[in-house]
1. When you scan segment A:56-65, do you find a residue that is facing another protein chain (nearest Cβ under 9 Å), surrounded by fewer than 22 Cβ atoms within 10 Å (Cβ to Cβ), in a helix (DSSP H, G or I) and within 18 Å of the chain's Cα centre (by Cα), even just one?
2. Which of the following residues is touching a residue at least 40 places away in the same chain (Cβ under 8 Å) and over 14 Å from the mean Cα position of the chain (by Cα): A:L156, A:L210?
3. Exactly one of these conditions fails for C:Q50: (1) more than 11 Å from every other protein chain (Cβ to nearest Cβ); (2) farther than 25 Å from C:L196 by Cα; (3) polar (S, T, N, Q); (4) within 13 Å of the chain's Cα centre (by Cα). Give me its number.
4. Of the conditions (1) out of contact with any Lys or Arg (no Cβ under 6 Å at 6 or more places or on another chain); (2) within 12 Å of another protein chain (Cβ to nearest Cβ); (3) modelled with pLDDT under 85, B:G87 fails just one. Which one is it?
5. Within segment A:28-49, can one find any residue that is touching a Phe, Trp or Tyr at 6+ places or on another chain (Cβ under 6 Å), in contact (Cβ under 8 Å) with a residue 24 or more places away in the chain and farther than 19 Å from A:L202 by Cα?
6. Test of understanding: among A:I193, A:I181, which residue is closer than 27 Å to A:A151 by Cβ, without any contact (Cβ under 8 Å) to a residue 60 or more places away in the chain and of a type in the set (A, V, I, L, M)?
7. List pairs: first in segment C:78-97 and under 20 Å from C:L62 (Cβ atoms), second at pLDDT below 85 and assigned to a helix (DSSP H, G or I), Cβ under 6 Å, 6+ apart or cross-chain?
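The values are calculated or read from the model by the stated rules, or taken from the named source; none is laboratory data. All figures in this text were calculated on a predicted structure; none of them were measured in a lab. Cβ atoms come from the backbone with ideal geometry, glycine included; neighbour counts cover every protein chain shown.
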Amino acid sequence: MEHVKQEEPALDISDLSFSYPQRSPVLRNINLKLRPGEKVGVIGPNGAGKTTLFMLICGVLKTSSGNISLFGRDVVPGEFRPEVGLVFQNPDDQLFCPSVEDDVAFGPKNLGLTAEEVQGRVREAMALTGIQELAQYPPHHLSGGQKRMVAIAGVLAMHPQLVIYDEPTSNLDINYRRRLISFLQRSREAMLIASHDLEFILEVCDRVILLDEGRVVTGGKPSEIMSNVKLMEKHSLEKPHSLVPHAEPHHGVNP
Amino acid sequence: MKLQLDRYAYLETPLHAWDPRYKLVGFMTLIFAFSFVENLQLLPFMVAVSGILYAVSHLPLSFLLARLRLPGFFLLMMGVLLPFLSGSTVLFHLGPLSVKQEGCLDLLLISVKFVCILTMGIILFGTSPFLTNVKAMRALGLPSILADMILFTYRYLYDINDNLRTMQTAMRLRGFQGHKLKNLFTLASLAGTILVRSYEQSDRVYRAMTLRGYGQAGENRGGQDNEFKAYSRDLFGLVLLMVAAAFVAGQVLIH
Amino acid sequence: MGIDRYSPVFQEGEKLMHIPDGVLPTTVCLGGYITAGAATWFSLRKISRQENPREGMPKASLLTAAFLVVSWIHIPIPPASVHLMLNGLLGAVLGYYAFPAILIGLFFQAIMFQHGGLTTLGVNATVIGVPALLAYYIFRLRNMVGKENRVLTGLFGFLAGGGGLALSAVAAFFILVTTIPAHLNVEAERASIYALTLAHIPVMILEGVFTAVVAVFLQRVKPELLEG
């Protein structure tokens, strides 16, 4: 099922475990591989360890055991790896500059680029996310959806090859949610997306893993995993509505 | 809460267009020159200069009055003692108290200086976006860490205030009435909660910053990219410095 | 309880310590800038020696904003209400960052609300900020006696909070009384300073109590915040 690729995996986690000092393990024996350009969803109940996993991948936390490598190179805690970007659950945590334009420019500036290069990256990222008119706004004047897109622009401006999204559709209205879905479907970077919004995962991801109590319970095609009612209920999840067989079909596609 | 002192920063007047660095230097010098004035004969000139500058700025009068109202009230409350306490030449009696001339003149001097200086401050910060003024201060030598702190404080002031309002509303809806002294403990818990939440958020913000390169070798150290370009016309504005010098000289000569 | 509406029925004390523009002689204002500059230099130097100064900056900034917001909460002293200054608590929580935080907080209050002043920024920062640093030292004594103890935390919180305000009050009143009314004689000046200070003892006690309660709260919920 998995072809052997010549290129390096975007993300290679082997046997990862993590616990805080003198506390029970948060993550146990995680194994996960992402191919470049692959979009993988992470589903599971609250407290399953998703955010911790993301912090480990980004090098913010140090593993207790096991190994993480990004694009062939091991992750060293504290080392700056611009190839990976993280879109936080709460955009207010990552929009810390006084204007949108400044915030998008923050990352490229820290990459040591020239002023023209930074400007170019900012323009490109804002165009990709459709937020050009918001350039001079202060973040606190923006709606939830707008903040989300600005946060994404700020991460994309660094040209990451792997982007991690932590609950990207929370607090989004229908329009922005749809916009985000289309945007992610068009994007070419590898992605790791944690979400409770299972319909969203269905539409965007090629593959999904189910995380519960710190372990990867299973993984596979989103529609297959999420149709398994017993499995979903066992891990405090619900089968998405669109996968439920209907007496009167009212969806476009039958699963 | 309105920080909207730069609500009218979008207008187009010579004051708005003036290079913010020169504007800062010019206005602060003039402000200090005003504070140097001790002689009543110079007061009309102060008022004239303030009036002219305010007219040039095209800021609405209502804006100024709204901002002067409360501070003016408090100044008067404090200063109202002066006519009764200070001086020896009695103007008239109010019951057992005597209103003295020197005290009245002191009050007049303080009040006029107060209004003129505040007007200058309102013009200075009302004719450029706040962010621009902070960058100008950094360009003029304000330590980076202070400039960064100002910008961060500014960025999160709204959010934290919103947090407070939300919590206060929630408290009120559960029957809390703020007028009783016994509620001190609740208010202390409210204050503590705000502090804790802000502290925890700052942790997440710091992580978001490091993930986009804050603290790295190639990092943008801010203020080194030349945001401001001065033209010779900006120097004309420094005529304000000459006006300021005139006040100082006038004061010294009269004395 | 809103911050847009100021009910005039309150707090001269806190207002007096934010000395407005136009009231002080220029020499005093410039002197204030010099002392504030020195205190800032001192604080920044201490900060740069810390383990991770870059990490401290977002923390201090958000807490500066939080303190600004918190200082707007109306605390009832029937029949009126006051706004507390909380410079003692600031010292206890922020340590050396307390001085820059107060400087920045006063700057915002001056330009946003015209509370305090631009020429008097240096004087106000010194009057409020230096006692905050002293409150930090007072609160730090807790470490010698055992910082997990809640009673001690409360006690040192009280001393830091009340002491911080007391020092600021005395300094502010001294400056005001000696510089403004040019025609007062020395005895009247001294009497005024005493009177003003005495009148603010209830507020000092209130600040002390409030600081103590918040300190105990923080000790329970997030002791790292009190690491100052």
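1. No, every residue in segment A:56-65 fails to be facing another protein chain (nearest Cβ under 9 Å), surrounded by fewer than 22 Cβ atoms within 10 Å (Cβ to Cβ), in a helix (DSSP H, G or I) and within 18 Å of the chain's Cα centre (by Cα).
2. One residue alone meets the criteria, A:L210.
3. (4)
4. (1)
5. No, there is no match, as no residue in segment A:28-49 is touching a Phe, Trp or Tyr at 6+ places or on another chain (Cβ under 6 Å), in contact (Cβ under 8 Å) with a residue 24 or more places away in the chain and farther than 19 Å from A:L202 by Cα.
6. Going through A:I193, A:I181 in turn, just one is closer than 27 Å to A:A151 by Cβ, without any contact (Cβ under 8 Å) to a residue 60 or more places away in the chain and of a type in the set (A, V, I, L, M): A:I181.
7. From residues that are under 20 Å from C:L62 (Cβ atoms), the pairs are C:M85/C:E14.
To keep it simple, each residue is scored yes or no on (1) within 15 Å of the chain's Cα centre (by Cα); (2) within 12 Å of B:I123 (Cα to Cα).
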{"residue": "B:D6", "(1), (2)": "yes, yes"}
{"residue": "B:E12", "(1), (2)": "no, no"}
{"residue": "B:D19", "(1), (2)": "no, no"}
{"residue": "B:I31", "(1), (2)": "yes, yes"}
{"residue": "B:N39", "(1), (2)": "no, no"}
{"residue": "B:F45", "(1), (2)": "no, no"}
{"residue": "B:L53", "(1), (2)": "no, yes"}
{"residue": "B:S57", "(1), (2)": "no, yes"}
